[in-house]
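Remarks on the structure that follows.
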Amino acid sequence: MNATLTAVALSLVSAVAYASAAVAQARLAGRSEPGAGVFRMLGRAAWWSAVALNAGGALLHVAALKYGPLTLVQPLGALTLVAAVPLGARAAGRRVTGTEWHGTILTLLGLGALLLTAGGTAPHETLSLGEALAVGAATMAVVAGLSRPGPAPDCGTRRRPASRPAWPRRSPRP
């Protein structure tokens, strides 16, 4: 197996380890009591198993960097998002929803675009300073546009007028 395939394989296993850890930690946090606090989590073996998965994912990521360039290994780390969707659905005992599939496909398209644009092997194939600044400016513009607050979602609830209290007042006892 050549070095690039080794880097890709290690990156994929790393992404699955990170995704598994994220799903496990999210499920553990969801099952804990709201006021329990962080220290209660630290006493659970399952939490530490998830921490070990995170550490394993990090070590695999570093090992992948030994065999492949950062421009290949780092974008493949985004596959954590892709792997977490079906892992999370399976752990919850449900199917992946259409919205989740849509987000997964968009993530894969973005990853493909990133690998195509940043995947040079020699220094002359990387972005120039002007191109890198243009990509950075375009990214900041997109993030700024997406960060604008949208219309408030209609949750089917009405707002209570400020003059009425949120709780019913009892009449004084005689």
Probe 1.4 Å - accessible area at Val13, Å² to nearest ten: 80 Å²
Solvent-accessible area of Leu70 with every protein chain in place, 1.4 Å probe, in Å² to the nearest 10: 110 Å²
Ser14 accessible area, 1.4 Å probe, all protein chains in place, Å² to nearest 10: 0 Å²
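Where does region 1-89 land on Rg/Rh, using Cα atoms and the Kirkwood Rh?
Ratio of gyration radius to Kirkwood radius for region 1-89: 1.09.
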Two-site label geometry, Ala63 and Ala46: point separation in nm, points 7 Å out along Cα→Cβ: 2.7 nm
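The values are calculated or read from the model by the stated rules, or taken from the named source; none is laboratory data. Keep in mind the model is a prediction, meaning the values are calculated, not measured. We place every Cβ from the backbone using ideal geometry, glycine too, and count neighbours over all the protein chains shown. The accessibility values were calculated without ligands, DNA or RNA, using every heavy atom of the protein model including side chains. Shrake-Rupley method; radii C 1.70, N 1.55, O 1.52, S 1.80 Å.
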